[in-house]
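Note sheet for the following structure.
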Amino acid sequence: MTNNIELPVSRRKMMQFGAGFIGTATLASVLGLDLKQPQSAAAKTELTPDQALEELLAGNQRFVQGKTTSKHESLKDLQAISEEQKPFASVLCCADSRSSLETAFDQGFGNLFVVRDAGNVATAEQLGSLEFGSLVLGSKVIMVMGHYSCGAIKAALAGDKVPGSIQSVLTQIEPAVKDFKGQQEDKEAVKKATEANVIYQINKIKKSPVLAELVAAKQLKIVGGYFDFETGAITLVEA
Ligand SMILES: [Zn+2]
């Protein structure tokens, strides 16, 4: 697997124009996008990475407290951004149907760049998606989020034989949770294994030179999260 994307501009220019500009020509042509105004892409979001994380966590607090603002969720809101998106945050989370992120973070159309798969594992395609979200779209924070009672984590702990391509998902999780093998019935162990998997996937993501450069330029922050379905709270997982 290679993480390198050939950047059409120098590092100095990257600093000058910001994350939205880098790689525009390369990625736009690969993805068939029409990005005619790279400078405006640089101003995708005014938030700093810290402010973007604050907004995510504040939105979750509104959800937990029953004070959601229901913003950016009407057809009119969707139509207003139909030609261009500027998400302020990216989330790599599990495909679990209970991880409804726009609801849990009190966000609407255009706010979150969401990458999902069973077990929130960072394979090459997920990594490429996250790179696109921050490098081209200007997302300022990436949260890798695990959740309460994750079936993928429990299956990885159980180690039973599984059909089809399900094993390829578990193979991505198993190294992260080996200390908790066989403890799939123990709620606390499952939670710890889920957090260990979040940290493991973050460490894979941090090896991306594209994202590492954005982090070094203070254009991006990469954090871990845990979604507790019993309280609704999403808390940070220390990497
Ligand atoms: Zn899950």
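Where the only charges are on Cβ atoms (+1 Lys, Arg; -1 Asp, Glu), what is the dipole of the range 45-237 about its Cα centre, to the nearest 20 debye? Let's see the in-between values first.
Numbers: 20 positive and 24 negative charges, 57 e Å.
Its charge dipole is roughly 280 debye.
Can you find, among 219, 64, 110, the residue farthest towards the positive end of the dipole of the range 45-237? Put +1 on the C-beta of Lys and Arg, -1 on that of Asp and Glu.
With unit charges placed on the Cβ atoms, the residue in question is 219.
Step through the table entries 181/207; 71/204; 178/206; 67/218; 191/221, compare each Cα-Cα distance with 29 Å, and write down the pairs that go over it.
Details: 181/207 26 Å; 71/204 34 Å; 178/206 21 Å; 67/218 32 Å; 191/221 24 Å.
The answer is 71/204; 67/218.
Leaving ligands, DNA and RNA out of it, work out the accessible area of residue 178 with a 1.4 Å probe and give it in Å² to the nearest 10.
140 Å²
Could you bin all the Cα-Cα distances of the range 45-237 into 10 Å bins starting at 0 and give me the percent of pairs in each, rounded to whole numbers?
9, 36, 35, 17, 3, 0
For Cα pairs less than 8 Å apart in space and 6+ apart in sequence, what is the mean separation divided by the residue count of the range 45-237, i.e. the relative contact order in percent? Before the final figure, lay out each step's value.
Values: 349 pairs, mean separation 47.4, N = 193.
Computed value for the range 45-237: 25 percent relative contact order.
With a cut-off of at most 16 other beta carbons within 10 Å, and DSSP calling the residue loop, which trypsin sites (Lys or Arg not before Pro) in the range 188-239 qualify? Please list them.
On the way: sites: 191, 192, 204, 206, 207, 218, 221; in loops: 207, 218.
Listed in order of number, the matching sites are 207, 218.
Please enumerate, by chain and number, the aspartates and glutamates with C-alpha under 15 Å from the C-alpha of residue 140, excluding those fewer than 8 residues away in the same chain.
46, 50, 54, 55, 131, 213
Which residue, 52, 200, 143, has the largest displacement toward the positive end of the dipole of the range 45-237 when charges sit on each Cβ (Lys, Arg +1; Asp, Glu -1)?
So the residue furthest toward the plus end is 200.
The values are calculated or read from the model by the stated rules, or taken from the named source; none is laboratory data. Note that the structure is predicted; figures quoted are calculated from it, not measured. We place every Cβ from the backbone using ideal geometry, glycine too, and count neighbours over all the protein chains shown. Please note that ligands, DNA and RNA were not included when accessible areas were found on the heavy atoms of the full protein model with its side chains. Shrake-Rupley method; radii C 1.70, N 1.55, O 1.52, S 1.80 Å.
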